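Q: Provided herewith is a single structure, encoded as structure tokens, for subsequent inquiry.
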């Protein structure tokens, strides 16, 4: 168990984001991170969720501009946070079902370390 703990702490963001995907060999040229091919339906669903969240944020800004009552703003901020958390859950589940499981099947066990690091950041 200790061996796994040490390995997780040894991995850095640089290790994760500079690796090329073996499947496609593609790397985002500007930032050198892995890329994920999404179906049109996946992309559309994600964009729709993000558009709704963006609308919530614009609504919160409007409330501040109109001097809305603080608790009313806080409730809307909480709703926006819940929407972002929901987006994260869907994205994480899809990542595990596709990228992580494919990498493990292909013998790329470093993906587990990457997933642990991501989960640690999500749980801050």
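Q: Going out from 0 in 5 Å bins, what whole percent of all Cα-Cα distances in segment 49-124 drops into each bin?
A: Here the calculated profile for segment 49-124 is 3, 14, 18, 15, 13, 10, 10, 7, 5, 3, 1, 0.
Q: Using r as the Cβ-Cβ distance of residue 68 and residue 94, and R0 as 35 Å, what FRET efficiency do you calculate, to the nearest 0.05?
A: Details: r = 36 Å, r/R0 = 1.02.
So the FRET efficiency works out to roughly 0.45.
Q: By per-residue mean of other Cβ atoms within 10 Å, what is the highest-first order of 81-93, 102-114?
A: Details: 81-93: 13.0, 102-114: 14.5.
Result, highest mean first: 102-114, 81-93.
Q: Hey, can you rank 44-56, 64-76 by average C-beta count inside 10 Å, highest first? Write down the numbers at each step before the final one.
A: On the way: 44-56: 13.1, 64-76: 10.8.
Taking the mean over residues of other Cβ atoms within 10 Å, the ranking is 44-56, 64-76.
Every read-out reported here was derived from the displayed coordinates using simple, explicitly stated rules and does not represent laboratory data. Everything numeric here is computed off the predicted structure, so don't read it as measured data. Quick reminder, even Gly has a Cβ in these numbers, built from the backbone with ideal geometry, and neighbours come from all protein chains shown.
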